[in-house]
Amino acid sequence: HNGISAIIANNAIIQSSKTTFDALWISSLTESAAKGQPDIEIMGLDSRLHTVNQVLEVTNKPIIIDADTGGDPNAFEYFIRKAEMLGVSAVIIEDKTYPKRNSLDGDSEQRLEDPLLFAHKIRRGKHALLTSEFLIIARIESLIAGKTVDDALERAKIYLEAGADGIMIHSKDK
């Protein structure tokens, strides 16, 4: 969520196994918290790109950006292109409606985006890329929103057909 946290993660070693981190995750939750804001897409994608610049100054590890919902498809295309040009490796976007509410907030309604509209956003993002190296990962929030595993799997099929490079099905439960 900033340069100092990137330095710590970049140099961290788990002593028992001599393991290091393979990549860095720029989280919307921690970026928002570090700026004293709620995690409801207030910071915006330009703020996330500013954070990417801070992190890239202190690490050469691959970076994955939590891009919330990705905003509207036009904003998402802009964001994808900028992130790719900066050297980011991947973005992950969640299939909630804009503006999203933090998935861990039990008091907020978790509204899911229509899967066909979300798939359209993925297609637009893939079309905006300059190379095939950059990854777009779809984060499925069905379980967070109280839906079924079948709903999550159906969404996964739609998103993969739209060009998603990976799927993450998010849950608060074990």
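Structure notes:
- Subset of the range 92-115 [open to solvent by less than 60 Å² (accessible area, probe 1.4 Å) and in contact with a strand residue (DSSP E or B) (Cβ under 8 Å, 6 or more places away or on another chain)]: ILE92, ILE93, GLU94, ASP95, LYS96, THR97, LYS100, SER103, GLN110, LEU112, GLU113
- Cβ-Cβ under 8 Å pairs, at least 6 apart or on other chains, the range 147-174 side under 29 Å from HIS127 (Cβ atoms), far side hydroxyl-bearing (Ser, Thr, Tyr): ASP151/SER142; ALA152/SER142; ARG155/SER142; ILE167/TYR159; ILE169/SER142; HIS170/SER103
- Within the range 1-33, the set of residues being without any contact (Cβ under 8 Å) to a residue 12 or more places away in the chain, part of a helix (DSSP H, G or I) and either open to solvent by 40 Å² or more (accessible area, probe 1.4 Å) or touching a strand residue (DSSP E or B) at 6+ places or on another chain (Cβ under 9 Å) (or both) comprises ILE4, ILE8, ASN11.
- Boolean, ALA83 is in a helix (DSSP H, G or I), touching a helix residue (DSSP H, G or I) at 6+ places or on another chain (Cβ under 8 Å), under 14 Å from PHE134 (Cα atoms) and open to solvent by less than 70 Å² (accessible area, probe 1.4 Å): yes
- Lone qualifier among GLY71, GLY36 - being more than 28 Å from LEU130 (Cα to Cα) and in a loop (DSSP other than H, G, I, E, B): GLY36
- Residue that is most open to solvent (accessible area, probe 1.4 Å), among those in the range 116-144 that are in a loop (DSSP other than H, G, I, E, B) and farther than 22 Å from LYS174 by Cβ: GLU133
- The residues listed here are THR51, THR59; of these, the one that is in a loop (DSSP other than H, G, I, E, B), surrounded by 13 or more Cβ atoms within 10 Å (Cβ to Cβ) and out of contact with any Ser or Thr (no Cβ under 9 Å at 6 or more places or on another chain) is THR59.
The values are calculated or read from the model by the stated rules, or taken from the named source; none is laboratory data. Keep in mind that this is a model prediction, so the values were computed, not measured. Every residue, glycine among them, receives a Cβ derived from its backbone with ideal geometry; neighbour counts consider all protein chains shown. Heads up: the accessible areas ignore ligands, DNA and RNA and are worked out on the full protein's heavy atoms, side chains in. Shrake-Rupley method; radii C 1.70, N 1.55, O 1.52, S 1.80 Å.
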